[in-house]
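Heads up: the structure comes next, in structure tokens.
The values are calculated or read from the model by the stated rules, or taken from the named source; none is laboratory data. Fair warning: this is a prediction, and the values are worked out from it, not measured in the lab. Neighbour counts run over all protein chains shown; Cβ positions are idealised from the backbone, glycine included.
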Amino acid sequence: SDLTGIAWRFPLIEMQGVPLRNYIVQKWSNISAFCPDPSDMLIATYPKAGTTWTQEIVDLLLHNGDEEACKRASTSDRFPFLEIQYPPPIPSGKVIYVARNAKDNLVSYYHFDRMNQAQPQPGPWEEYIQKFMRGKVAWGSWYDHVKDYWKEREKRNILYLFFEDLKKDPRREVERIMRYMDLSVTDDVIDKIVQLTSFKNMRDNPMANYTFIPKIMFDHSISPFMRRGEVGDWTNHFTPAQSQMFDEDYARQMADVDIPFCTSI
Ligand code: A3P
């Protein structure tokens, strides 16, 4: 497609305290007026928490593990982003939320902001940590995001998942998603879905690995979208001093909740 003339690295504008790409703020009234059907489903995440992974599991469950059916279109066509591709054909009777521990989420977002030409440059690592802690990155505060959904999860019957659990016991988590969706597939199909949604398989799946986005937007040579897919990669990025500073701030920001995050498995 012809992408010349499109401005990249969209500036962020704060919308109710949440920095968002400028064009999203400009059409916010349309987005907030959207009225979902009760049969719709929303997958909600802070960026880089495991959105794509969960989308693939959900699509495979809906198609009884049919690999080819799930390659009919790219992830972003199969699961339009509510605020980017408005008007969306899906969202929210049921809500699946995916959370990822703050440090790995931050590392993943840092590398994503390097390769993603639609968001501001991350700048130096040390400064990025500060921006993340203060919620001054696109889509705002990780802390508020994971806490708000956590507090709402029972009232609204939200399925609250963790990236780390998907990694530790994918079979159990795929079964939880299946039950939440009121679906029932055979054990063989579950096994197949676990296989098809392994990091390696998704990394090599052109309909799921975001190579379908033009290179001038996502530059995988800077950092691939399917980068590492691990728990604990933060230890390769944080110095001990940065980790301590981050943990102290984390304890303050998360003092009002007890969300069982784990940072290693
Ligand atoms: P890393 O940057 O740590 O590798 P999102 O889809 O929300 O943007 O999240 C992207 C992150 O999830 C990336 O993390 C990516 O590698 C990881 N990911 C995507 N699919 C995965 C899978 N099947 N298994 C493990 N990690 C996966």
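Listed values, structure above:
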item	result
Candidate set from the stretch 85-141 (those that are among the basic types (Lys, Arg) and away from the ligand (no atom under 15 Å from the Cβ)); member that is modelled with the lowest pLDDT	Lys94
Condition broken by Leu60, with the remaining ones in (1) part of a helix (DSSP H, G or I); (2) within 16 Å of the chain's Cα centre (by Cα); (3) within 14 Å of the ligand (Cβ to nearest atom) satisfied	(2)
The listed residue being closer than 22 Å to Tyr210 by Cα, aliphatic (A, V, I, L, M), surrounded by fewer than 17 Cβ atoms within 10 Å (Cβ to Cβ) and in contact (Cβ under 8 Å) with a residue 60 or more places away in the chain, out of Ile96, Ile84	Ile84
Contacts under 6 angstrom Cβ, first residue in the stretch 32-46 being more than 18 Å from Arg78 (Cβ to Cβ), partner more than 16 Å from the ligand (Cβ to nearest atom), 6 or more apart	Pro38/Gly93
Only one of Asp219, Asp191, Asp247, Asp165 that is closer than 18 Å to His111 by Cβ, among the acidic types (Asp, Glu) and surrounded by 13 or more Cβ atoms within 10 Å (Cβ to Cβ)	Asp219
When residues of the stretch 127-150 are limited to those that are assigned to a loop (DSSP other than H, G, I, E, B) and not β-branched (Val, Ile, Thr), the one surrounded by the fewest Cβ atoms within 10 Å (Cβ to Cβ)	Arg134
In the stretch 155-199, the residues that are over 21 Å from Ala73 (Cα atoms), hydrophobic (A, V, I, L, M, F, W, C), within 18 Å of the chain's Cα centre (by Cα) and assigned to a helix (DSSP H, G or I)	Phe163, Leu166, Val174, Ile177
Which numbered condition Gln119 fails, given (1) surrounded by fewer than 19 Cβ atoms within 10 Å (Cβ to Cβ); (2) outside any helix (DSSP H, G or I)	(1)
Any hit, the stretch 179-191, residues being closer than 20 Å to Thr52 by Cβ, within 16 Å of the ligand (Cβ to nearest atom) and acidic (Asp, Glu)	no
Residues satisfying the stated conditions in the stretch 145-172, i.e. more than 14 Å from Ile43 (Cα to Cα) and touching a residue at least 24 places away in the same chain (Cβ under 8 Å)	Lys147, Trp150, Lys151, Glu164, Leu166, Lys167, Lys168, Pro170
Residue in the stretch 151-171 that is in contact with a Leu (Cβ under 7 Å, 6 or more places away or on another chain), away from the ligand (no atom under 16 Å from the Cβ) and modelled with pLDDT under 95 present	no
Total residues in the stretch 218-265, condition away from the ligand (no atom under 16 Å from the Cβ) and β-branched (Val, Ile, Thr)	3
Unmet criterion (only one of (1) within 16 Å of the ligand (Cβ to nearest atom); (2) outside any loop (DSSP other than H, G, I, E, B)) for Tyr210	(2)
Any hit, the stretch 200-207, residues being farther than 23 Å from Ala102 by Cα, part of a loop (DSSP other than H, G, I, E, B), away from the ligand (no atom under 13 Å from the Cβ) and modelled with pLDDT under 95	no
